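Colleague: There's a structure below that I have some questions on.
The values are calculated or read from the model by the stated rules, or taken from the named source; none is laboratory data. This one's a predicted model, so the numbers in the text were calculated from it and none came from an experiment. Note that we place each Cβ from the backbone using ideal geometry, even for glycine, and neighbour counts take in every protein chain shown.
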Amino acid sequence: MKKALFLVLASASLLAAGENTLGGEQTGVLGPGAYVAADDIVVPENSSLVIRAGTVVLFDGFYSLVVKGTLLVEGSQQNRVVFTSVKDANYGGAGAAALDWNHIVFESQARGCVLANASIFYGTDGIAALSADCDIDNVFLGNNGVNRISVKGRQLEPDATGVFAFSGRAPAALPAPIAPAPQPAKKKSMLPMVIAGSVVVAAVAAVYWFVYRAPSDSDGPLVIPDPPAPSGNTP
């Protein structure tokens, strides 16, 4: 009797604490600690919700966690994140059963979601991902209507221990390569052209001299004519 009374009071205390009751749009950082979902929890498009290790979300009705933006569940192996019914006996409730709440759904516009080291109990079917841009790592499902995770209609297969894993996040875009700075054009030196021009002129001058001006042996010795005789009477 005392144990049952303690469980009822523990559950009621969570509902009475306004800061521990969730519903509607939720962004920012959640946890660690216990929270009661009294309505659908919605992560809006172009927004993010981070759920830290050691957080427990207790659904008090047939509600869902609806992700339209980015959900980052950062559990650890020693301190998992738990999604379960408010009636779960492990967290102060009683009489939990499958279908106590709905499920986690990633809408088609969800991007970059991560669920790591999380457990889902007493829902309908675990996770329904309409977007494949998500990573699921070490996620355990138990006591749901169907222990199932589907990604864009494809059902994932758990390992032998009932743990699911999936990787579909798009890789980060690589930065565009930096184009090298344009180098100033090097000025061509005029010296080689001047030297080449001088050589050509000298060669042409030499050819002209030897062909047209230089005397040849066939011309014979140079003859200087006698001066003309003076006019008038001779003595």
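Colleague: May I ask you to list the residues in the range 155-183 that are among the hydroxyl-bearing types (Ser, Thr, Tyr) and either at pLDDT below 85 or within 19 Å of Phe106 (Cβ to Cβ) (or both)?
Modeller: Within the range 155-183, Ser167 is the sole residue that qualifies.
Colleague: For Ala98, indicate whether it is crowded, with 19+ Cβ neighbours inside 10 Å and not in a helix (DSSP H, G or I).
Modeller: no
For every residue, the table says whether it meets (1) at pLDDT 95 or above; (2) surrounded by 19 or more Cβ atoms within 10 Å (Cβ to Cβ).
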residue	(1), (2)
Glu107	yes, no
Ile120	yes, yes
Leu141	yes, yes
Gly153	no, no
Ala185	no, no
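Colleague: For the range 65-81, what are the residues that are closer than 17 Å to Phe121 by Cβ and crowded, with 17+ Cβ neighbours inside 10 Å?
Modeller: Result: Leu65, Val73, Gly75, Arg80, Val81.
Colleague: A further question on this structure: In this structure, does Phe62 turn out to be closer than 19 Å to Ala129 by Cα, of a type in the set (Phe, Trp, Tyr) and surrounded by fewer than 22 Cβ atoms within 10 Å (Cβ to Cβ)?
Modeller: Values: closer than 19 Å to Ala129 by Cα: yes; of a type in the set (Phe, Trp, Tyr): yes; surrounded by fewer than 22 Cβ atoms within 10 Å (Cβ to Cβ): yes.
For Phe62, the condition - closer than 19 Å to Ala129 by Cα, of a type in the set (Phe, Trp, Tyr) and surrounded by fewer than 22 Cβ atoms within 10 Å (Cβ to Cβ) - is met.
Colleague: Answer yes or no as to whether Ser131 is under 32 Å from the mean Cα position of the chain (by Cα) and touching a residue at least 24 places away in the same chain (Cβ under 8 Å).
Modeller: Considered against the rule, which asks whether it is under 32 Å from the mean Cα position of the chain (by Cα) and touching a residue at least 24 places away in the same chain (Cβ under 8 Å), Ser131 comes out as yes.
Colleague: Give, as residue ranges, the strands (runs of 3 or more DSSP E) completely inside the range 38-82 that count at least 2 residues that are over 28 Å from the mean Cα position of the chain (by Cα). Lay out the reasoning, then the answer.
Modeller: Details: elements: 48-52, 55-59, 65-67, 70-74.
The qualifying strands (runs of 3 or more DSSP E) are 55-59.
Colleague: Collect the residues in the range 1-59 that are at pLDDT below 50, touching a strand residue (DSSP E or B) at 6+ places or on another chain (Cβ under 7 Å) and surrounded by fewer than 19 Cβ atoms within 10 Å (Cβ to Cβ), keeping them in residue-number order. Give the derivation first.
Modeller: Let us first name the residues in the range 1-59 that are at pLDDT below 50, namely 1-18.
Retained after the next criterion (residues that are touching a strand residue (DSSP E or B) at 6+ places or on another chain (Cβ under 7 Å)): 14-15.
Within the range 1-59, just Leu15 meets the criteria.
Colleague: Right, next: Residue check: is Val73 in contact with a Phe, Trp or Tyr (Cβ under 7 Å, 6 or more places away or on another chain), at pLDDT 95 or above and under 20 Å from Phe140 (Cβ atoms)?
Modeller: Here the answer is no, as Val73 does not meet what is asked.
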